[in-house]
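Q: Below is a structure I'd like to ask you about.
FYI, it's all coordinate maths here, none of it is from the lab. Small disclaimer: the values here were computed from a predicted structure and weren't measured. Every residue, glycine as well, gets a Cβ built from its backbone with ideal geometry; the counts of neighbours run over all protein chains shown.
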Amino acid sequence: MLLIDEICNKVLNNGRISNEEAIMLYNKADLLELGYLAQQLMLQRNPQRIISFIIDRNINYSNICDTKCKFCAFYKNEGDTEGYVLSNQQIFDKIEETISVGGTQILMQGGTHPSLPFSYYLDLLANIKKRYTINIHSFSPPEIVHFSKISGLSIKQVIEELVKAGLDSIPGGGAEILVDKIRQKVSPNKISADQWLGVMRIAHELGLKTTATMVFGLGESIEDRIEHLFRVRSLQDETNGFTAFIPWSFQPTHTELGGIHTGGIEYLKMLAISRIYLDNINNIQVSWVTQGGKMAQIALSFGGNDFGSTMLEENVVRAAGASNKVPLQDIVYYIKDAGYTPAQRSTQYELLKTY
């Protein structure tokens, strides 16, 4: 029988924990004990007590998507009156506004549009890079698999073409829970766990950095969540291509899946377990978008070292009922108030400016 004290000592001595030990910690450890363990690990990596964030914008170039995930309240069908594809000029205007406030990154995502050709995405990237100096952190694995299907190119060829056109890095969206029995329940038309990991493996082999995410509260078990972490950690052992891990809680409002909102205690426990388990990923991002600024501030004591993005625009989570807004000055305040030094970072976690 595993003892919590033995697992805690193992963690504090930088031992790698097993799935069984992670499940035991989640189920049996005191919340503050979990926070302490995660915090100690974060401070070992970050003795300067710097909490980073990025100034960027999420641009959803389209809301038309034929994947139709049950947990998504954002997508529209082709032909719906509320469906849209942004014009290049609309996207350029959003980028110019982002740059004007010191932004260094845009995150573009738009689901799997059934009619747009692969050339649309290549031309969009090239036109952005022709006009602006900004990091393009875009197109999650489900989109890349979709591009492969519509172009007839391999995943490797698709990523190579995207990079040639201007893609700089890939966001970790579309991971949800990397367990296929859960994926079949909540997003039966979406790529499998192996496909998600396969895209990331190829991206890393081609020299691209990516992030990894997890959406929890979809009806999965704690064992499923730990399996997700195991698969992310295993790929990171292999490639060292993930710059950060971002866990956030499912927002059920207006979705087909429905359900209840994840509470703050469950969020803090999951964040802390992520820090403890993912011993090979430096950065764990807190989620003010789903939890609000004050809970994100508390999460800095549960292993988080990155406050995420100022996110001048966010549409997908907002469509599911979360309407938190945390301006730059509030992010700086929350970080300082928690006893840390705020720092603006780049996509690759290079520090650009401290406050």
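Q: Using the Karplus equation 6.51 cos²θ - 1.76 cosθ + 1.60 (θ = phi - 60°), what ³J(HN,Hα) coupling, rounded to whole Hz, does each residue of region 8-16 give in order, writing x for Gly and Pro?
A: Couplings: 4, 5, 4, 4, 5, 9, 6, x, 7 Hz.
Q: In degrees, nearest 10, range 0 to 90: what is the angle between the Cα axis of helix 19-28 and the longest Cα principal axis of the chain?
A: With both axes taken from Cα atoms, the answer is about 70 degrees.
Q: OK, next. In the chain, if the dipole is taken from +1 on Lys/Arg beta carbons and -1 on Asp/Glu beta carbons about the Cα centre, which of 281, 32, 229 is farthest to the positive end?
A: After comparing all options, I get 281.
Q: Can you give the local net charge around residue 271? Use residues other than it whose beta-carbon is closer than 12 angstrom to its beta-carbon, Lys and Arg +1, Asp and Glu -1. Let's see the in-between values first.
A: Numbers: positive: 225, 269, 275; negative: 266, 306.
With Lys, Arg at +1 and Asp, Glu at -1, the neighbours total +1.
Q: Which residue, 17, 136, 273, tops the fluctuation ranking in a GNM of the chain built on C-alpha contacts under 10 Å?
A: Taking springs between Cα atoms under 10 Å, the residue moving most is 17.
Q: To two decimal places, what compactness ratio does the chain give when its Cα radius of gyration is scaled by 2.2 N^0.38 Å? Let's see the in-between values first.
A: Details: Rg = 19.5 Å, N = 355, 2.2 N^0.38 = 20.5 Å.
Expressed relative to 2.2 N^0.38 Å, the Cα Rg reads 0.95.
Q: In nm, to one decimal, how far is the modelled label at residue 151 from the one at residue 46, with both set 7 Å along Cα→Cβ?
A: According to this spin-label approximation, the distance is 3.5 nm.
Q: Another question about this same structure. Tally Lys and Arg at +1 and Asp and Glu at -1 over the other residues with C-beta under 12 Å from the C-beta of residue 208: what net charge comes out? Walk me through the intermediate numbers first.
A: On the way: positive: 156, 201, 209; negative: 160, 168, 205.
Net local charge, residue 208 excluded: 0.
Q: Right, another one. Residues with beta-carbon under 13 Å from that of residue 162, excluding residue 162: net charge, scoring Lys, Arg +1 and Asp, Glu -1? Can you show the working numbers first?
A: Values: positive: 129, 156, 164; negative: 123, 143, 160, 161, 168.
Spelling it out: positives minus negatives among the neighbours equals -2.
Q: Short version: ³J(HN,Hα) in whole Hz for each residue of region 294-306, in order, from phi by Karplus 6.51 cos²θ - 1.76 cosθ + 1.60 (θ = phi - 60°), x for Gly and Pro, what are they?
A: 5, 5, 4, 5, 4, 5, 5, 9, 10, x, x, 10, 9
Q: Can you give the % of DSSP beta bridges in the chain that are antiparallel, to the nearest 5? If you can, show how the numbers build up before the last one.
A: On the way: 4 of 29 bridges.
Close to 15 percent.
Q: I've got another one for you. Using a Cα-Cα cut-off of under 30 Å, which lysines could be cross-linked to residue 28, ignoring same-chain neighbours fewer than 8 residues away?
A: 10, 181, 185, 269, 294
Q: While we're here: Could you give the angle, 0 to 90 degrees to the nearest 10, between helix 141-151's Cα long axis and the longest principal axis of the Cα atoms of the chain?
A: Approximately 30 degrees, to the nearest ten.
Q: Give me the angle, in degrees from 0 to 90, between the Cα long axis of helix 193-205 and the longest principal axis of the Cα atoms of the chain, rounded to the nearest 10.
A: That works out to roughly 80 degrees.
Q: Please identify, among 197, 25, 86, the residue showing maximal mean-square fluctuation in a Gaussian network model of the chain using a 10 angstrom Cα cutoff.
A: Comparing 197, 25, 86 in a Gaussian network model of the chain, the most mobile one is 86.
Q: Then there's this: What residue among 209, 269, 181 shows peak mean-square fluctuation when the chain is described by a Gaussian network model with Cα springs under 10 Å?
A: Comparing 209, 269, 181 in the GNM, the peak value goes to 181.
Q: May I ask you to order 291-297, 93-99, 212-218 by the average number of other C-beta atoms within 10 Å around their residues, highest value first? If you can, show how the numbers build up before the last one.
A: On the way: 291-297: 20.3, 93-99: 16.6, 212-218: 23.3.
Result, highest mean Cβ count within 10 Å first: 212-218, 291-297, 93-99.
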